[in-house]
Structure formats: C-alpha cells, structure tokens
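What follows is a single structure, written as structure tokens, with notes after it.
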Amino acid sequence: MALTRKQRRGVLVGSGVAILAVAVGLVLWALGDTLVFFYTPSQAQEKQLGPGQRFRLGGLVAEGSVERGDGTLIRFTVTDTAQEMSVVFAGVLPDLFREGQGVVTEGKLNAEGVFEADTVLAKHDENYMPREVADALKEQGLWQHGGDEQ
Amino acid sequence: MVAEVGHYALVLALAIAIAQSLVPLFGAHRGDGQLMRVGDTAALVQFALVLLAFFALMHAFVTSDFSVSNVWENSHSAKPMLYKVTGVWGNHEGSMVLWVLILAFFGACVSMFGGNLPDTLRARVLSMQGLISVAFLLFIIVTSNPFVRLDPAPVDGRGLNPILQDPALAFHPPFLYAGYVGFSMAFSFALAALIEGRVDAAWARWVRPWTLVAWMCLTLGIAMGSWWAYYELGWGGWWFWDPVENASFMPWLAGTALLHSAIVVEKREALKVWTILLAILTFSLSLIGTFLVRSGVLTSVHAFAVDPERGVFILVIMCLFIGGAFTLFAWRAPSLRSGGLFAPISREGGLILNNLFLTVGCATVLFGTLYPLVLEAVAGTKSSVGPPFFNLTFVPLMIPLLALVPLGPFLAWKRADLGAALQRLWVAAAISLGVAAIAGYAKFGGPVLAPFGIALGVWLIAGAFSDIAFRSKFGRETLGVAARRAFGLPRSAWGMAIAHAGLGVAIIGIVAVSAWRVEKIAVIKPGETMEVAGFELQFEGVVPRQGPNYNDEVGIFTARRDGNAFARLESAKRIYAVRQMPTTEAAIYTFWTGDLYVVIGDGSEQGRTVRAYYNPFAPFIWIGAVIMFLGGAVSLTDRRYRIGAPKRARHAAATGGA
C-alpha cells in the first residue's frame, strides 16, 4: 500500500477531522439533555417551570424551616428573601448545611410545586458562598463580599 | 523578623528572576557565553531565595507566629505539628509560594543538570522559566503577600479548615503543583526551540524526562485528591466532574498526549510542530487550571472563599503567556522542518491516533468546564454542566483509545502489519473476553456494558504483559533465555508496560464502582441492623471521643457476613474545636474485591441516619494510579537518559555543545 506523501497526510487529517466531528456531535447531543440551569426561587416562579424539568435551585436556607419527616426525608425552605420555595430531600445533608446559610440543590418540581432535590451541594469552607447564590443575593442588595463570615 | 526576611527574599527573587529572563536571552541572541551563563547562576540564586521565603513562612507556621496575618487566618497553636507544616500550603498565599518554589526548583535543575544542553538552548530555556517566575512572583507580592503582619498580634489563630487536616490532602497540593509546574519545562523548551528555530531528536530526549516527571507527579496528585474526596467527603464518590477536578485532569490529558508525541520526535524526527504545540497547550491548560481554581469563577463543590481581584491578575498572566506563546508559535513554527515519513498503519500512526483521542477528549472536558461561564457571559443565564455531560462525551471518546492501547507497542515504526500485531495479541484478547463472560455471568442483570468495561481493563493489562512476553520471546526460547531477555529489555519498555497495565487496573476499578456500587440509606436505632450488598451492619451506638483538636461522636457498627462478625467499623461526626466546623469521617473496610463504606449522619427521635455503600474494586482506582506512577519511574531510569549526553545531529555540530 504505497501512498504518496499527500495521501498520507490526507489520511491523517481525515482521521483527525473524523474524531473531532464525532466529538462535536457528542457534545451537541449531550448538551441539550444535560445542561442544568440555575434559578433562585423568584426566577423559578417567574419562569413558571413545569414539573419534571430539572434545574438547580439556590438561595438561603430559611431560618427555622428545616424539619425531619419519615425516615431520611428532610424538608426545608429555600429563600432569596423575595420569594421562597419548599424543598424535600431524602438523604444525608452535607456537614456545612445550616439554616440562614447559602445552599444549592439540584432536582425537579413535583406536581404540588414542591422541589424534590436529589442533590444538595456541599462545600468545603464555611465562608464560601456559591457564586450564583452570592450574585442572586447581591441583586436583592442583601449581601456584600465577605459579609457572610461568622 | 523572620517573616520580613521571607518577604525580602521574595522581592529579591523577583529582581533575580527579571535578570534571569532577560540577560541569557540577550546573550543567546548575541552568542555571548558570559551573558548566557548569567542564567545558570540566576536560576540557582532564585531557587535559594524562594526556598528561604518558603522556610520563613514555614517557620512562622511552626512557631505559631500569629502576628503574621496568614498564620492567624490558617493556623492554630493546638494543631498537630504535621498540619502546622502542611498548613503552609493549605491556603491561597502559601500555596502560591509553593507554586513558585517548585517552578524555581525546576529552573535550578536545568542549571545543575543541563550541562549537556547546548549553551544557547539552556540559556533560552532558563530565560523562559525566569519569565514565568517573574509573573507569579509579582502576583504573590502584589496580591497575595503571605508575610503581611498584624498589629497587635492576636493571641491565637483561627485554625486550618478542618477538612484540609488530612494526610492525603496535606501532600496532594505539592504533587499536583509539581505536575502543573513541571509542564512549564516542556513549555520553556518549546519556546526556546521556536526561538532557536530547530527541533530534533536530541531536543525531544531532553524534554521527555521532564515531562515524564511532571506527568508522574500529576498522576499521583490527582489520585491523592480523588482518594481524599472518596474517604473524607463521605459521599462515597471519587470523581464528580467538578470544574476544580477538571482543571487538574485537562493538563493530565494533554500531558499524556505530549509524553507520547515526544517519543515520535525522539525516535523518528516527525510530529515536531505538533509536539511543540502540545507542549504549549499542556502548560496553558495548567495555567487555566490555576486560574479556575484560584479565581473561583466557577461554582465548584471544592471551592474555597476567594478574592476576585486575584482572579483578574491570574487571568492577565494567563492571557499574556498563552497569547505570547501562540504568537511565537504562529510566527516560527512554519520554519521547522519535519522529517520521517510513515504509513498510516505504523507505530507513528498509532501514537497520532492516541494524540487525537486524548486532545479531542481534553477539548470536550474543556468545553464542558467553560460552557457555563460562556453562556453566562453571552446570555446571562446561570447553568451547570455535570457528570451526565462528561459521561456522554468524554467516555465514548476514550473507549476506542483504550481498546487500541495494547496494539500500539506491537506496531513497527514506519510501516506495520496490523494482522501480525493482532495475531500476537490473541491470548490477551481471549483472556479479556473470558473475564467479560465471567463478569457478565456473576453480575447478570446489571448494566450490560459493564462486563465489556472490565474486559477493556483486562485487555490493557494482558496486552502489556503480551508485549513484554513477545519481546523477550517467551514460548519461543527456553524459559531461562526468555527470562534473561526480559531482564535485558530497556527500562522504557518495562515502564510503558507497567504504566499501561496500571491504567488497566484503574479502569477495572472505575467501571466496577460506576456500574455495581450498592447504596443504602436508612434510619436506625442502636441494636438495629441494616443490610447492604449481602453484609449486615449492626449499629452498636454512639460514643463521644476526644482528639487532639476535635471532638468526635463515634458511631460504632459491627459488620457481619453470613452471621460471622468480621469487622468493627467506626464512623464519626467530628467537630473541630477552633472553627466549630463539623466534618464526617467515613468508616471504610477494604477487601481485595471492594470497600464497605459506612457514614453516620444526623440523629433524630427515630434514630440515626446511616449511609452504607459497597464499592466493588474501588481501591483498584488508586492502586492503578500508583502503578502508572511506578511505570513512569521505571521508564525514567532508562539507560538512554543516564548514559551519554545526547548529541545533536551532525549538521549542527558547530553550535552543539557536549
């Protein structure tokens, strides 16, 4: 199989383009299904998201809202101080989950309009505020950088 | 006093680095040996100064000098000594000093061991290293000075973030940084080669060991980080496709590609331009990684509180270096002459395929990591890209690559016979298919693709052994002769086989945990039992216990299989006295075939929430990474790196030094 220099290069470039095309295809296909948007309770209500649509809900855990249900079920309210939304979560909360602190949860609304979270994002540092939550609170004029330290 | 010495040393190091970046470059341009040698001295002095600054900071931590703001914020007198020492890099400022220390160390190595490099190349490499030092020293001095004093000095510190008080995480940053920064060597060599206008086999032979060292460190650093996340965070997971994790994974992918393409330059003098590009890309990804982690622009589960101004500074550094390097590349690369013709089916062709898959895979990771950022800038909507995206894009791209790995070493350079190569691998193929059948039978009804994933791992291991067996003529010579031949094989051949086998081991662990993990959450009272994957866990109760700087609430479990108690597991809720921050300590019992992983949660009237996992073959993931590291180490001891100075090709004998 004697290929000329040009043909050899063609094979190389061709295989490169082919792999890249497959990758682009995979990315476009995957992105439609897996991209998850972040909303605050106000935005979520404004968008009138239907049940079953997956998104991230972020804000502050409302003071006094955390209550335990049957078994591992936990209910709490996420607020951006303008609007709030009830969340249920079955599982173990991260260590740094506290009332009055920022939280990001991922899941979907059920038929009653309650957010069923399957993930509550943990953080490593008690001073860390998820950026989305910080921005959302800044819009409400409630939080400045460094303002959430104990 | 010591802190001031440290601060002064940093400023002096900056001055030296400026000299190091300019003088040798000018000297090389003019062909002035004396000016070029300034680089050697400057690199050593710079390293000594940064080391002094580093020890000054360590002194402040070890002696708990709380008049230094950084120590006050991140240390406490009651902390164990190990964490006082590692606390030096357990914070932003200190970790940047470590970054520059490692950078200066690599520069000093060029100066000390680079005697066989041509003078002009060494001068230019040192100059580029100096330039990177200048940028990061400036960054430390301007935005992140670790030696800022507090007056009056507080009585005690605020303590290190408890989650960082852990042996694996204590040594995770040094290895990770050694990897990140180690790729700066390939970067500097690439820029120096572009300025010189030539790349040859000798150049590749100098670059490869540095890249290999960086790659080894990064492999171990990533593995440590993921191991830590596995047992410390208590979620039972080991990789979350989190932006901070991706930040370290992308340079690893590009670095792995570079490691392979440099072989082609070394052996065949082909792929020169591509290798240079890859060297630039790899370090660029290290810079992007540093930026993503240090600026906090992306929401990460591993994020720490950050200062946005620093992000801007690193962004500027990043743009200058990446932009400058690519400009130089665009300008000079066309003048590099390429040699070494080869057919598509050949060792070269195989390595190109490896590079294509790795770089395209790396590009998908980069895309997934940055997409939310771009979308927010363009559309203003906040979003996140999680594991499902990467599982659908990156993973399918890696499967053909992994399937082709064992084939590569059987292909001859220039032109290879695919049929013959496949024939030599039939034993390996048979073993893998056999294992797939056994796995499919044992886990019947589980994920359909999982047995094939396991087979892929076995294929890599068996393929690596086949390569060694074939080269030493096992089965064709007497056993004694073959064994002698096996011992006589170049270390690089062994290193490659070991590293590929290690990858196989890791793949088995990854596939098994992803496909067959069992998770149970239950609320149980003392005396009650829960069942997970055939194990019975009896909850004995909770007892308090005091540690050096924390208080534990220890949940005690007895683990039984078929009624026989075989282990007592202790998982704790830990409260650190200083920060009053709770953490969870998972209890892990490791078998050969997997981990029993138990985490105690909060209590209520109904009992304690307990999470239990069975993670089949989980330890294989990290054992595999360690084997890959060892493979790299074996390859590093190869004869060709130890014996004799690599000589440049004949037509350049006039400029080449010995």
**Asked** Of A:K138/B:K382; B:K272/B:K473; A:K123/B:K382; A:K6/B:K272, which pairs sit farther than 22 Å apart, going by alpha carbon to alpha carbon?
**Response** B:K272/B:K473
**Asked** According to a simple spin-label model (label point 7 Å from Cα along Cα-to-Cβ), what is the distance in nm between A:L73 and B:T478?
**Response** 7.7 nm
**Message:** Rounded to the nearest 20 debye, what is the charge dipole size of chain B about its Cα centre when +1 sits on each Lys and Arg Cβ and -1 on each Asp and Glu Cβ?
**Reply:** 2620 debye
**Item:** Separation of alpha-carbon centers, the stretch B:201-229 and the stretch B:525-556, rounded to whole Å
**Value:** 40 Å
**Message:** Order these by the 10 Å Cβ neighbour count, fewest first: B:M185, B:M58.
**Reply:** B:M58, B:M185
**Complete:** Here, chymotrypsin sites (Phe, Trp or Tyr not before Pro) of the stretch B:396-497 satisfying both criteria (DSSP loop; at most 12 other Cβ within 10 Å) are B:F444
**Message:** Suppose each label sits 7 Å from its Cα in the direction of the beta carbon; what would the B:C109-B:F171 distance come out to in nanometres?
**Reply:** 1.7 nm
**Radius ratio Rg over Rh of the stretch B:518-618, counting only Cα atoms, Kirkwood formula for Rh** = 0.98
**Message:** Given a Förster distance of 30 Å, report the FRET efficiency between B:R485 and A:V13 from their Cβ-Cβ distance, rounded to the nearest 0.05.
**Reply:** 0.15
**Prompt:** From the residues B:F136, B:G107, B:L12, which one has its Cα farthest along the dipole of the stretch B:1-162 in the positive direction, the dipole being from +1 and -1 charges on Cβ of Lys/Arg and Asp/Glu about the Cα centre?
**Reply:** B:G107
**Fill in**
Filtered hits (aspartates and glutamates, Cα-Cα < 16 Å from B:K414, offset >= 8 within chain) -> B:E266, B:E269, B:E348
**Prompt:** Using only Cα atoms, what is the ratio of the radius of gyration of the stretch B:1-162 to 2.2 N^0.38 Å?
**Reply:** 1.16
**Prompt:** Which ordering of B:S127, B:S384 is given by a fewest-first count of other beta-carbon atoms within 10 Å?
**Reply:** B:S384, B:S127
**Complete:** Fewest-first ordering of B:C109, B:C362 by Cβ atoms within 10 Å yields B:C109, B:C362
**Request:** Treat each spin label as a single point 7 Å out from the Cα along the C-beta direction, and report the B:R560 to B:A153 distance in nm.
**Result:** 5.8 nm
**Asked** In percent, what relative contact order does the stretch B:46-85 have, based on Cα pairs under 8 Å that are 6 or more apart in sequence?
**Response** 33 percent
**If the convex hull is drawn through the Cα atoms of the stretch B:432-580, its volume per residue in Å³** = 225 Å³
**Item:** Mean shadow area of the protein assembly as shown over all directions, Cα convex hull, nm²
**Value:** 37.1 nm²
**Asked** For chain A, what number results from the quotient of the Cα radius of gyration and 2.2 N^0.38 Å?
**Response** 1.51
**Message:** I'd like the FRET efficiency for B:K520 and A:N110, computed as 1/(1 + (r/R0)^6) with the beta carbon distance as r and R0 of 25 Å, rounded to 0.05.
**Reply:** 0.60
**Message:** Counting just the Cα atoms, what span does the stretch B:413-516 cover along each of its three principal axes? Round to the nearest Å and put the largest first.
**Reply:** 47, 32, 25
**Asked** Nearest-5 percent of antiparallel DSSP beta bridges in the protein assembly as shown?
**Response** 90 percent
**Prompt:** Cα to Cα, under 17 Å, and not fewer than 8 places away if on the same chain: which aspartates and glutamates meet these conditions relative to B:K573?
**Reply:** A:D95, A:D125, A:E126, B:D166, B:E232, B:E540, B:D552, B:E553, B:E585, B:D602
**Request:** Taking all pairs of distinct Cα atoms, average 1/r, flip it, and tell me the Kirkwood hydrodynamic radius of chain B in Å to one decimal place.
**Result:** 26.8 Å
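FYI, it's all coordinate maths here, none of it is from the lab. Quick caveat, the model's predicted, so the values are computed rather than measured. Every residue, glycine among them, receives a Cβ derived from its backbone with ideal geometry; neighbour counts consider all protein chains shown.
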